[in-house]
Amino acid sequence: MKFYDAHNHLHDDRFSGRQSELLAACEKAGIARMVVNGACESDWPQVLALARANSIVLPSFGHHPWYLSERTPDWLANLEKFLDAIPSAVGEIGLDRWKPDLPYEPQEEVFLAQLRIAAERNLPASIHCLQAWGRLHELLRDNPRPARGFVLHSFGGPAEMIPAFAKLGAYFSFPGYFLHERKLRQRESFEQVPPDRLLIETDAPDQHLPEEKILHPLTGANGKPLNHTANLGAVYAGLAEFLCEQVASLAARVEENFQRVFGGL
């Protein structure tokens, strides 16, 4: 079986330079490709370097709403330069009304600028959304979108909105964090995701799996646990169990979906 990670942050400094070690473990675990998402200008060079050195890495460049205060006046031109440098996706971008003290006012302008680039270049966009699902749907509905589709990373929105997002071209990505017992609502929403729109992710180093499901424990330099990218197989297994499906059939379906939205990059 081949596994495909639709969203992680392998470049994250919390991995303390152990990326080669993590990638070796991923290849042994059957991970064929992973989308590594930059979240601000300062980490785009790291993502680019990882992708140039490792064919398993599919780079994605974007400005996350949490880091908008860090963007330079030339941020949009810089984004275009990185997208020109290597076949890549756009992301992580999005909207966030959940994080305390995070200004919302500039978020829509920055999101739409990046969505427009993704649409013009027909590149998949990886979208973060917290407590802004209705507005996100309006913006996606009323603006150009990439023809190949876009990914709702760690989709935690209302299940009743899944058909409306799918109609616009959405893929829905499931993280291992949703395997925690308290995340039953989020797991159940994935029962409503169309079979041809399902993706799976680690979001490493974040979104830890339940302790009993972790295959590859990892601790950061500060002694705190990190989510290892090679835990992807455990996410597949946990979701397959919940959906009452064989892991092999789920993996085959997710591979088809991943290639449909990310193929050629």
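The C-beta contact set for region 47-73 (first residue closer than 19 Å to W98 by Cα and touching a residue at least 40 places away in the same chain (Cβ under 8 Å), second residue in a loop (DSSP other than H, G, I, E, B) and of a type in the set (G, A, S), distance under 9 angstrom, 6+ apart or interchain) comprises H63/G38; H63/A39; H64/G38; H64/A39.
Given the structure, is P59 under 14 Å from the mean Cα position of the chain (by Cα), under 26 Å from G30 (Cα atoms), outside any helix (DSSP H, G or I) and of a type outside the set (F, W, Y)? It is true that P59 is under 14 Å from the mean Cα position of the chain (by Cα), under 26 Å from G30 (Cα atoms), outside any helix (DSSP H, G or I) and of a type outside the set (F, W, Y).
Taking the criterion of being surrounded by fewer than 16 Cβ atoms within 10 Å (Cβ to Cβ) and not charged (D, E, K, R), the residues of region 34-65 that qualify are S42, P45, A49, A53, S55. Apart from one condition, A132 fits all of (1) touching a helix residue (DSSP H, G or I) at 6+ places or on another chain (Cβ under 7 Å); (2) buried (at least 16 other Cβ atoms within 10 Å of the Cβ); the exception is (1).
Within the option set P103, P144, being more than 16 Å from the chain's Cα centre (by Cα) and over 19 Å from A166 (Cβ atoms) holds for one residue only, P103. Filtered by the rule that a residue be open to solvent by 10 Å² or more (accessible area, probe 1.4 Å) and either in contact with an Asp or Glu (Cβ under 8 Å, 6 or more places away or on another chain) or on the phi > 0 side of the Ramachandran plot (or both), region 169-209 gives G169, Y177, D196, D203, Q207. Within region 245-257, is even one residue under 23 Å from A159 (Cα atoms) and more than 20 Å from the chain's Cα centre (by Cα)? Yes, region 245-257 has at least one match. Taking region 143-155 as the range and being surrounded by fewer than 18 Cβ atoms within 10 Å (Cβ to Cβ) and out of contact with any Gly (no Cβ under 8 Å at 6 or more places or on another chain) as the test, the residues that pass are N143, P144. Of the residues screened, V193 is one that is among the β-branched types (V, I, T) and out of contact with any Ser or Thr (no Cβ under 8 Å at 6 or more places or on another chain). Out of the residues in region 69-82 that are of a type in the set (A, V, I, L, M) and open to solvent by 10 Å² or more (accessible area, probe 1.4 Å), which is farthest from the chain's Cα centre (by Cα)? Top of the filtered list is A77.
For region 1-33, the set of residues classified as within 25 Å of C129 (Cβ to Cβ) and open to solvent by less than 70 Å² (accessible area, probe 1.4 Å) consists of F3, Y4, D5, A6, H7, N8, H9, L10, H11, D12, R33, listed by residue number. Filter region 98-109 for residues that are in a helix (DSSP H, G or I) and touching a residue at least 12 places away in the same chain (Cβ under 8 Å) and give the result. Selection gives Q107, E108.
Close contacts from region 110-138, counting a first residue that is assigned to a strand (DSSP E or B) and a second that is open to solvent by less than 10 Å² (accessible area, probe 1.4 Å) and aromatic (F, W, Y), with Cβ to Cβ under 7 Å and a gap of 6+ residues or different chains, come to A125/F150; I127/F150. Just name the residue that is farthest from A25 (Cα to Cα) out of those in region 238-258 that are among the aliphatic types (A, V, I, L, M) and surrounded by fewer than 19 Cβ atoms within 10 Å (Cβ to Cβ). Step by step, filter region 238-258, then rank; the result is L243. Among all residues of region 224-231, there is at least one that is of a type in the set (S, T, N, Q), open to solvent by less than 60 Å² (accessible area, probe 1.4 Å) and under 14 Å from A6 (Cα atoms).
The values are calculated or read from the model by the stated rules, or taken from the named source; none is laboratory data. Keep in mind it's a predicted model, so treat the numbers as computed, not measured. Virtual Cβ from ideal backbone geometry, glycine too; neighbours counted across all protein chains shown. Please note that ligands, DNA and RNA were not included when accessible areas were found on the heavy atoms of the full protein model with its side chains. Shrake-Rupley method; radii C 1.70, N 1.55, O 1.52, S 1.80 Å.
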